[in-house]
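Trainee: Attaching a single structure in structure tokens format; questions to follow.
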Amino acid sequence: MGRRLKKTVVLIGMMGAGKTAVGNALARMLGVDFVDSDDEIERAANMTVADIFQRDGEAFFRAREAEVLARLLGGRPCILSTGGGAFLSEGNRTQIAARGVAVWLKADLDLLWQRVRHKTTRPLLRTADPKATLANLLNAREGIYAKAEITVEARPHYSVEEMAEEVIEALSLRPDILETT
């Protein structure tokens, strides 16, 4: 028994939720491409997200992010990992709902902090108190992330593969997204 992905699965959530790691595993398990929107933006700009933020500001970055997201949603169904702020845009949410499905990888503050505290590639956490900044971002974003069609709870004891299996299980309840062949 096989599976066929009928729509692009857009992984959303906070930095550290596992969008890239789980997305790669999910793509491998489903036999589809994995695409990271931040990687696509960096490739197009020939600079890092952090450098784009620093040079051109967040508004410029968000506009490029929306363009890249629209382009990727127009392609073959894949697993698409987005930056933590991508789903905050109503325009992006509308595009995702029309051409794919949003899956929120929901993780609590302690798990997120454990995963991002040693990373230097998070421009929004370059503050005097990065954990408080992360908590504020999580608090501000959770209500918007909750608009995703599917939510999968991350647990500290889950491996990347177990989390990907949880996502597949949630997707399998939606034959309009994941078809069993």
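The values are calculated or read from the model by the stated rules, or taken from the named source; none is laboratory data. Note that the coordinates shown come from a computational prediction; the quantities given were computed from them, not determined experimentally. In this analysis, Cβ positions are derived from the backbone assuming ideal geometry, glycine residues included, and neighbour counts consider all displayed protein chains.
Trainee: Might you let me know whether region 85-100 holds any residue that is surrounded by fewer than 20 Cβ atoms within 10 Å (Cβ to Cβ), closer than 30 Å to Gly31 by Cα and touching a residue at least 60 places away in the same chain (Cβ under 8 Å)?
Mentor: Yes; the residues of region 85-100 include at least one that is surrounded by fewer than 20 Cβ atoms within 10 Å (Cβ to Cβ), closer than 30 Å to Gly31 by Cα and touching a residue at least 60 places away in the same chain (Cβ under 8 Å).
Trainee: Taking interchain pairs and intrachain pairs at least six residues apart, which have beta carbon atoms under 7 angstrom, with the first residue in region 20-44 and closer than 16 Å to Lys6 by Cα and in a helix (DSSP H, G or I) and the second at pLDDT 95 or above and among the acidic types (Asp, Glu)?
Mentor: Once the first residue is closer than 16 Å to Lys6 by Cα and in a helix (DSSP H, G or I) and sits in region 20-44, its partners that are at pLDDT 95 or above and among the acidic types (Asp, Glu) give Ala27/Asp33.
Trainee: Moving on to the next point. Restricting to region 79-120, count the residues that are under 12 Å from the mean Cα position of the chain (by Cα) and of a type in the set (A, V, I, L, M, F, W, C).
Mentor: So the answer is 11.
Trainee: Can I ask one more? How about region 76-181: which strands (runs of 3 or more DSSP E) wholly inside it have at least 2 residues that are under 29 Å from Gly57 (Cβ atoms) and at pLDDT 90 or above?
Mentor: So the answer is 79-81, 100-106.
Trainee: Please specify each residue of region 150-176 satisfying the condition of being over 17 Å from the mean Cα position of the chain (by Cα) and crowded, with 17+ Cβ neighbours inside 10 Å.
Mentor: Tyr158
Trainee: Here's a follow-up. Filter region 36-56 for residues that are surrounded by fewer than 19 Cβ atoms within 10 Å (Cβ to Cβ) and either modelled with pLDDT of 95 or more or polar (S, T, N, Q) (or both) and give the result.
Mentor: Asn46, Thr48, Gln54
Trainee: Next up: Do we have any residue at all in region 57-64 that's within 15 Å of the chain's Cα centre (by Cα), modelled with pLDDT under 95 and either surrounded by 15 or more Cβ atoms within 10 Å (Cβ to Cβ) or of a type in the set (A, V, I, L, M, F, W, C) (or both)?
Mentor: Yes: region 57-64 contains one or more residues that are within 15 Å of the chain's Cα centre (by Cα), modelled with pLDDT under 95 and either surrounded by 15 or more Cβ atoms within 10 Å (Cβ to Cβ) or of a type in the set (A, V, I, L, M, F, W, C) (or both).
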